[in-house]
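Q: Take a look at the following structure, please.
The values are calculated or read from the model by the stated rules, or taken from the named source; none is laboratory data. If you're wondering where the values come from, they're calculated on a predicted model, not measured in any experiment. Don't worry about glycine lacking a Cβ; one is built from the backbone with ideal geometry, like all the others, and counts go over all protein chains shown.
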Amino acid sequence: MRALTLVVTAALSALACSRAAPPIGARGPLALWVLAEGSERTLESPEKIAQLVDRAVQLRASDLFVQVHRGGRSWFPSTHADDAPFRAIRAAHPDAPEPLADLIARAHAKRIRVHAWFNCLALAQNRDAPIVEKVGREAVQVDRAGRSLLDYPAGNVPEPDAKWLELETPGYWLDPAVPGVGEYLAETVDDLVRAAPDLDGLHLDYIRYPYALPMTPGSRFRGLDFGYGELAKARFGQTNGAFEVGDKWDEFRRKQVGELVTRLHKHIPKRWKLSAAVLAYADRAYLTALQDWRGWLEDGRLDFAVAMAYTRDDRLLRYQTHALHFGVGGARLWLGLGAWLLTDDPPRIARQVELARDVEPDGVALFSYDALAANPAALEALTHPK
């Protein structure tokens, strides 16, 4: 009798193991944002590339958003961006395949798509980026008071404004309304297409205007906003008459961002998907960051958007995901989760994925692979969720 009991217990245990929750990517498309200069620096060695693909397979990830253009620098050969990062990798591994081609080949062998993550209008702290040298200092954003970001201390708000205002993302930003900016970025994308034609898509980031905190919902209100360079105001005046702040000025600037999306879409192969990381609060995106991502989805400029719903507050996440999916985005909207915020409590990352999956989005993306890779417990929680 005891022997029978042991056999039954073992069988039930085996059955329970067979029914263990699958990796978080099993229920639908899952993407990982992979930083160029994060803790892993994945593109800098063939071993790191292989490790990324192995971990993506374990998670059953379907897509990788791999950062290849940041701060005016590129991780692919370019005659427009500063491709020093790419050249340094090639010098360190002269006999290895080019890093992006290597990653694409390895990922495709496992049926994982690779999108080039391309930071558009933010230059981080790189005030000497080639685009600034080529177009001129007018390429960099100017605030309402007529101050160029180049004159901000390390890209931060100067005194006395710094007493009550700060930039949401400090650094130097490009103005899409300045002639030459959009053209130069499109030519950089051309370099990318030549370097890595087997990519599956282009993933745009920082495709918006910078803004200050607290936020200003448009230029009719007092606050700190951007786009007030003389060249931009002159372009506005060509079709709108004398310059003045207000709804027309806001719409003009919003249109410049949208036209950049259109321009970049025309420079990628037809089989590539165009996506963008966008602000999750859609009205704030529209009014403050001048990012009309809902319109880009509606008119087909974007194949899909990834709303960055980063929060530690699970209840807020539930509110956001329902509002985004049912009230804003609907089809072709992915939900981006801030996994890096929860590495101190890895099981909560998996729980947030499940919360996001409740609304059956087109996909879920985690920021970032680097944060997960730096915390083995987080990878384990996602590979074997409870």
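Q: Residues being part of a loop (DSSP other than H, G, I, E, B), more than 14 Å from the chain's Cα centre (by Cα) and aliphatic (A, V, I, L, M): count how many of those fall in region 257-301.
A: Number of matching residues: 3.
Q: Can you give me the number of residues within region 1-55 that are at pLDDT 95 or above and in a helix (DSSP H, G or I)?
A: 13
Q: Please list, ordered by first then second residue, the pairs with beta carbon atoms under 6 Å, 6 or more apart or interchain, first in region 127-151 and within 17 Å of PRO176 (Cβ to Cβ) and in contact (Cβ under 8 Å) with a residue 12 or more places away in the chain, second assigned to a loop (DSSP other than H, G, I, E, B) and among the polar types (S, T, N, Q).
A: Hits for this filter: LEU149/GLN141.
Q: For region 327-386, how many residues meet the condition of being assigned to a loop (DSSP other than H, G, I, E, B) and either hydrophobic (A, V, I, L, M, F, W, C) or within 19 Å of the chain's Cα centre (by Cα) (or both)?
A: Number satisfying all stated conditions: 9.
Q: If I ask for residues that are surrounded by 24 or more Cβ atoms within 10 Å (Cβ to Cβ) and touching a Pro at 6+ places or on another chain (Cβ under 6 Å), which ones from region 73-89 would you list?
A: Answer for region 73-89, where residues must be surrounded by 24 or more Cβ atoms within 10 Å (Cβ to Cβ) and touching a Pro at 6+ places or on another chain (Cβ under 6 Å): just TRP75.
Q: Filter region 152-164 down to residues that are surrounded by 12 or more Cβ atoms within 10 Å (Cβ to Cβ), at negative phi and in a helix (DSSP H, G or I), then give me how many there are.
A: Of the residues in region 152-164, 2 are surrounded by 12 or more Cβ atoms within 10 Å (Cβ to Cβ), at negative phi and in a helix (DSSP H, G or I).
Q: Of the conditions (1) at pLDDT below 95; (2) crowded, with 18+ Cβ neighbours inside 10 Å, ALA323 fails just one. Which one is it?
A: (2)
Q: Right, here's the next one. Within region 85-101, can you find the residues that are more than 22 Å from the chain's Cα centre (by Cα) and either more than 19 Å from ASP190 (Cβ to Cβ) or among the basic types (Lys, Arg) (or both)?
A: ARG87, ALA88, ILE89, ARG90, ALA91, ALA92, HIS93, PRO94, ASP95, ALA96, PRO97 - these are the residues of region 85-101 that are more than 22 Å from the chain's Cα centre (by Cα) and either more than 19 Å from ASP190 (Cβ to Cβ) or among the basic types (Lys, Arg) (or both).
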